[in-house]
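Written out below as structure tokens is the structure these notes cover.
Nothing in this text is a laboratory measurement; each read-out follows from the coordinates by a stated rule. Computed from a prediction, not measured in an experiment: that's the story for all the values here. For neighbour counting, all protein chains shown are included, and Cβ atoms are generated from backbone atoms with ideal geometry for every residue, glycine included.
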Amino acid sequence: MKRQLDVLDRRLAENEYLAGADYTIADMAVFPWYGGLAKGWQYGAAEFLSVQDYRNVQRWADAILARPTVKRGRMVNRTSGDPSEQLRERHDASDFETRTQDKLVGQQS
């Protein structure tokens, strides 16, 4: 795993995203695994792997997490964490503003 992170970090030292300057399907496909690992969301391995040392992987993960579409996508079907970031069911684009758990809790009786 450390070897893979090292290869990824060196690649990202030369490019903003995996395939170059643009965000592509390659980033979308790889982010859940390596981005989650880099941010310490997977397997409790962040400390063991010293993921904080892979600065380019961290920069890449932060850039992807800052994308509005990624922020919205991470909310859908989420059942834990901050209630304002949980959209358990999405049927319309307006659901992001009106149907997050923090808004629904007040409506339930």
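Quick notes on this structure:
- When the alpha carbon coordinates of the chain are projected onto the principal axes, the ranges are 53, 31, 16 Å, largest first.
- Net length gained if the chain between residue 48 and residue 93 were fully extended (0.36 nm per residue, minus Cα distance): 12.2 nm
- GluC sites (Glu not before Pro) within the stretch 1-87, DSSP loop, no more than 16 other Cβ atoms inside 10 Å: 16
- The calculated FRET efficiency for residue 74 paired with residue 4, based on their beta-carbon distance and R0 = 22 Å, is about 0.45.
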